[in-house]
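The values are calculated or read from the model by the stated rules, or taken from the named source; none is laboratory data. Small disclaimer: the values here were computed from a predicted structure and weren't measured. Cβ atoms come from the backbone with ideal geometry, glycine included; neighbour counts cover every protein chain shown.
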Amino acid sequence: MKGAIFCGYSEYIEQAHGLLTWLDIVDKSELAESSSFIATDIYEDKIFVELLTISAELLNVSLSDILTEFGEFLFPTLLGSAKHHIGECTNVFEFLDHVENVIHIEVKKADPLAYTPSLILDTVSNSELLIKYTSHRQVCFLAEGLIYGAAKHFNQKVTIEHLSCTHQGDKHCLMKVTTVQPS
Ligand code: HEM
């Protein structure tokens, strides 16, 4: 997994829970060699999983909640590195299509070692989108947080429902994203 994700994760923990908590998490880790990461390097996925698991135990929250919150936090940083690829997108659904068909493709062109998930989109209506998320990393809740972050960027509010999830024994993850009209 890209160092940029690890850098974002350390920033997230430091901002949300303090530097000492982050240092404590790294201290408890058997796999992380240091508390800082190089954004352009690639680190083993299992280091991220271990850091997440330790964080969830220490903070007494679920893995899914921590990943979702982290995804929302990470979104502006990821977007910052892709501003030139954002195109003509005016809303979160258009943007998700752009992520799958342009942004993640550019990420892999720039770094052949990068791995991004497959997001298959099915627009049901103007306000409802189905997303089939597939990745050997199985971090669908990170995707969920990133979608919340993207909606915020476009001044939209969405709800996300996991219709099926590999963590519940289903064959794949299917998310229903619904835009909420302002009252
Ligand atoms: C709402 C929008 C987005 C969603 C749902 C999304 C989804 C994801 C997820 C879930 C991952 C974790 C890896 C995995 O699942 O296997 C990931 C990785 C990544 N994404 Fe996205 N992403 C979004 C936007 C972006 C943007 C704007 C960029 C900007 C360049 C970006 C660049 C990356 C990079 C660099 C990785 C790490 C690749 C690696 O570790 O090898 N993503 N994305």
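Of all residues in the range 112-135, those being at pLDDT 95 or above, within 11 Å of the ligand (Cβ to nearest atom) and out of contact with any strand residue (DSSP E or B) (no Cβ under 8 Å at 6 or more places or on another chain) number 2. In the range 66-98, of all residues being free of Cβ contacts under 8 Å to residues at least 40 places away in the same chain and closer than 25 Å to Cys165 by Cα, the one that is farthest from the chain's Cα centre (by Cα) corresponds to Glu94.
Within the range 1-41, being exposed (fewer than 14 other Cβ atoms within 10 Å of the Cβ) and within 24 Å of Ala110 (Cβ to Cβ) holds for Ser36, Ile38, Ala39, Thr40, Asp41.
Criterion applied to Val99, Val107, Val92 was being β-branched (Val, Ile, Thr) and more than 20 Å from Lys2 (Cβ to Cβ), and the one residue passing it is Val92.
Yes/no per residue for (1) in the same structural domain as Asn155 (by TED's automatic domain parsing); (2) more than 20 Å from Leu142 (Cβ to Cβ):
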site	(1), (2)
Glu14	no, no
Asp27	no, yes
Leu31	no, no
Ala39	no, no
Ala56	no, no
Ile66	no, no
Phe73	no, no
Leu78	no, no
Ile103	yes, no
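Contact map, the range 99-119: first residue without any contact (Cβ under 8 Å) to a residue 60 or more places away in the chain and part of a helix (DSSP H, G or I), second residue loosely packed, with under 12 Cβ neighbours inside 10 Å and of a type outside the set (Ser, Thr, Tyr), Cβ cut-off under 6 Å, separation 6 or more or different chains; the map is empty.
Residues considered: Thr68, Thr53. Of these, the only one that is crowded, with 20+ Cβ neighbours inside 10 Å, part of a helix (DSSP H, G or I) and β-branched (Val, Ile, Thr) is Thr68. Looking across the range 22-50 at every residue that is charged (D, E, K, R) and in a loop (DSSP other than H, G, I, E, B), the one that is farthest from Gly3 (Cα to Cα) is identified as Glu30.
For the structure I just gave you, tell me whether Gly149 is surrounded by fewer than 22 Cβ atoms within 10 Å (Cβ to Cβ) and within 9 Å of the ligand (Cβ to nearest atom). Answer is yes for this residue.
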